[in-house]
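Quick notes on the structure that follows.
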Amino acid sequence: MADPWTSERQAGIAPPDLWDPLVRISHWGIAFIVVMNALFTKGGSPLHLWLGWIGMALLLLRLVWGVLGPVEARFSAFPPSPRAALSHLRGLVSGRAPQYRSHNPAGALMVYAFWVTLAVVIGTGLLRTGGQTPMQAARDAAAVASGDWSVLVTETDGGGESRFGTLPGEVHTVAANLLLILAALHVAGVAVESRAMRRNLVAPMLTGSKRRRG
Amino acid sequence: MKVPFLKPGSQRRRPVAVATFLVVQTLAAVFFVGDALGELLSDADGTHSSFEMLVAVALITGMIFGGMELRRTLERMRTQEAALAVASGALADVIRAQFANWGLTGAEQDVAFLGLKGLDVAEIAEIRGSAQGTVRAQLTKVYAKAGVSNRAQFAALFVEDLLGASLVEPVAKAG
């Protein structure tokens, strides 16, 4: 402890002690859904659809929050800039990376990559199911089970293939795997950054720092 | 300084509640609009869908208002926290000036400040990486210079400031 006086007053430029609740809820919700749907639920199953739709809602909410939200949640606080990301990574290596108000430039690129990939996964998932909500899928399944096969007629060629053929399905799978790779990179990035900055980056995404204030 | 009613934790519960509600609202909106769109595509029933449109608009408007309310709450909290930080910063300045006035050395000032914050001798020794005996001796010297005989009296000198009473009576400089 260098100086007990200044410990109370932190510089203004630093990531938040605690991300706002919406960022946290959407972050962990989407993390949970990506892991569940990529690894545990069966593609096309009702649970897979439910989780996918919830994920879509969370993504939409987060994107709206990127315009409406507080400063550090807004897109303007972390513009995508590969050049800034590179110089940040160089700074990390040399141990002179500055603090940022929101996501650091490398993290920001990760965020955008994640959102785009997530949107692709969700979009292809919707194409694959013909845009059916889980409720509609359940109703149709119930109808088929009760002997009314007419709902099957509307689907030109059933069995997970939409009018775009198998392409959406393939893109869905590839993009989902890409999501897992991005997630792994993200976790590694947080670990490296936390070490380099000597700053716990996970706490702000959970419940805030344990540091006693006031 | 532990001031329970100013703990950030209790203040943070409200935005979490608002955000949770907003998430539920969004889920409702997305599922409802998705369902309505699906029905609209399969069989276009005029009156039915115009009602659903109304509900959809209401849900989405509610979402946006919820979002704005949440942002206002967060910003208000931030302003309050900033004001609190300024206040505690101002108090720290007052304390620092008083310490200098008493002629405390640098080490004594640090120890005295940690003592004011409610840390006991063992904790101060651990933070400063010095022996407990040293810390105890430094605190004794601090109390002597401030003209008080124990920590409670020492802290009371500054509580007066917080309560808005006159500044600490200038004590004859002892060292």
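Overview of results
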| quantity | calculated |
| --- | --- |
| Scope the range A:84-112; condition closer than 21 Å to residue A:63 by Cα and in contact with a Leu (Cβ under 6 Å, 6 or more places away or on another chain); matching residues | A:106 |
| Residue A:166 among the hydroxyl-bearing types (Ser, Thr, Tyr), over 26 Å from residue A:24 (Cβ atoms) and modelled with pLDDT of 90 or more | no |
| Where residue B:41 falls short, out of the listed (1) more than 17 Å from residue A:69 (Cβ to Cβ); (2) surrounded by fewer than 16 Cβ atoms within 10 Å (Cβ to Cβ); (3) more than 11 Å from every other protein chain (Cβ to nearest Cβ) | (3) |
| Tally, over the range A:53-80, of residues that are buried (at least 16 other Cβ atoms within 10 Å of the Cβ), part of a loop (DSSP other than H, G, I, E, B) and within 14 Å of another protein chain (Cβ to nearest Cβ) | 2 |
| Residues that are at pLDDT 90 or above and crowded, with 17+ Cβ neighbours inside 10 Å, drawn from the range A:81-112 | A:108, A:109, A:110, A:111 |
| Scope the range A:81-111; condition closer than 24 Å to residue A:28 by Cβ, in contact with a helix residue (DSSP H, G or I) (Cβ under 7 Å, 6 or more places away or on another chain) and assigned to a loop (DSSP other than H, G, I, E, B); matching residues | A:101, A:102, A:103, A:104 |
| Considering residues of the range A:37-52 that are more than 14 Å from the chain's Cα centre (by Cα) and within 14 Å of another protein chain (Cβ to nearest Cβ) only, the residue surrounded by the most Cβ atoms within 10 Å (Cβ to Cβ) | A:49 |
| Number of positions in the range B:36-82 that are among the small types (Gly, Ala, Ser), within 25 Å of residue B:19 (Cα to Cα) and modelled with pLDDT under 80 | 1 |
| Residue that is farthest from the other protein chains (Cβ to nearest Cβ), among those in the range B:117-133 that are over 18 Å from residue B:99 (Cβ atoms) and in a helix (DSSP H, G or I) | B:133 |
| Test result for residue B:19, touching a Lys or Arg at 6+ places or on another chain (Cβ under 9 Å), in the same structural domain as residue B:140 (by TED's automatic domain parsing), in a helix (DSSP H, G or I) and in contact (Cβ under 8 Å) with a residue 24 or more places away in the chain | no |
| Condition check for residue B:114: in a helix (DSSP H, G or I), among the aliphatic types (A, V, I, L, M) and either modelled with pLDDT of 85 or more or within 20 Å of the chain's Cα centre (by Cα) (or both) | yes |
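The values are calculated or read from the model by the stated rules, or taken from the named source; none is laboratory data. Here the structure is a predicted model, which is why all the values come from computation and not from measurement. Heads up, the Cβs are rebuilt from the backbone with ideal geometry, glycines too, and the neighbour counts pull from every protein chain shown.
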